[in-house]
Amino acid sequence: MDSHHLSLTWVLLVFLALPTKFAIQAHGIKPTRLLDLAIRYYTFKSHNNFKTGKLYNINLPSNFAGINVTTVKYRCGSLKRYGASIQEFNLGVGVDVHPYVERVLVVTQNLGHNWSNIYYDNYNQLLGYQLVSPVLGLLAYNAGDDSRFSIESEVKISSPNVNGIKIDFSNHTTKKNDTLHGKIQMCATFGDDGNVTLQKEVAPNICATTSQGHFGLVVQSPILLPERKKIKRWKVAFGSAFGAAIGAFLLGLLLVAMFVKVKKKARLEELERRAYEEEALQVSMAGHVIRPHNVNNNPHHHPR
């Protein structure tokens with residue numbers, strides 16, 4: 001199954017996992033965003049009241065097998081003063097929440113190696129690169145009683161420091177094959193605008209950022225791009241040859257039809273010519289036929 005079919009399958013699984021009303025509202029949203037909305041839905045559905053400072057593991061439906069989700073509720077003031085460490089993410093001192101709310105629910109995602117491909121399929125800038133880690137996500141939602149915002153409203157976590165938020169991939173890197181061995185790992189940040197930002201690691205298997213989002217480790221894989229181009233050229237060549245064959249076949253049918261029509265017309269003309277000649281011959285011969293006289297009607301005839 002190719003990547004395009006896998007992407008469609010994932011989207012279908014997300015829709016099947018969501019309530020009908022929610023799925024209808026999510027129609028037209030890109031697959032990566034739809035996945036975030038589904039995870040948010042099941043995160044808030046799993047508990048009626050999250051306790052501040054307690055780590056929760058979120059149980060997702062079987063359709064989302066391979067995805068690990070955890071969440072912790074913080075007071076925004078405490079989060080800014082002390083920072084926090086949640087799974088693979090380290091939020092340094094000074095992180096801000098925008099817009100400001102009293103309490104924030106921080107959600108981390110580990111999409112695993114299967115679901116991470118949904119990002120590879122939907123970000124064309126990754127052509128020529130290969131994921132060597134699962135995609136890890138960091139998102140935040142309003143968890144307070146602020147009347148300006150509804151519960152589950154998405155908020156943004158950011159840091160004024162360049163390396164204010166760090167992501168540790170040490171426990172999630174895949175073993176590289178001979179083709180990828182020795183390649184330099186890069187940190188990939190998947191933006192909401194569909195763009196990918198590549199940066200160097202700040203330490204082995206550790207990336208840094210200034211805001212929440214989705215992140216992964218990639219290595220350059222020059223072999224992948226020519227293969228895709230080769231397949232595309234093969235498809236174009238096959239399509240051209242197939243189109244030419246169809247065109248030749250249709251042209252052949254047209255020529256045969258024209259030939260049959262000409263032959264039929266010539267045959268009709270020949271039949272008409274023969275019929276005309278036979279009719280003319282009969283008329284000509286009629287003028288030379290001697291009709292016998294009726295002797296009974298001849299008054300000068302006397303029998304002997």
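The values are calculated or read from the model by the stated rules, or taken from the named source; none is laboratory data. Model, not experiment: these values are computed from the prediction. Here Cβ is always computed from backbone atoms with ideal geometry, including for glycine, and neighbour counts include all displayed protein chains.
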Check your understanding: Which one of these is at pLDDT 90 or above, touching a Phe, Trp or Tyr at 6+ places or on another chain (Cβ under 9 Å), surrounded by fewer than 21 Cβ atoms within 10 Å (Cβ to Cβ) and over 25 Å from Gly53 (Cβ atoms): Leu126, Leu198?
Key -> Leu198
**Study point:** Criterion: in a loop (DSSP other than H, G, I, E, B), touching a helix residue (DSSP H, G or I) at 6+ places or on another chain (Cβ under 7 Å) and modelled with pLDDT of 90 or more - qualifying residue of Pro134, Pro160
**Key:** Pro134
Check your understanding: What do you reckon, is Gly66 in contact (Cβ under 8 Å) with a residue 60 or more places away in the chain, assigned to a loop (DSSP other than H, G, I, E, B) and out of contact with any strand residue (DSSP E or B) (no Cβ under 6 Å at 6 or more places or on another chain)?
Key -> no
Review point. Could you count how many residues in the range 34-61 are at pLDDT 90 or above, loosely packed, with under 15 Cβ neighbours inside 10 Å and not hydrophobic (A, V, I, L, M, F, W, C)?
Key: 7
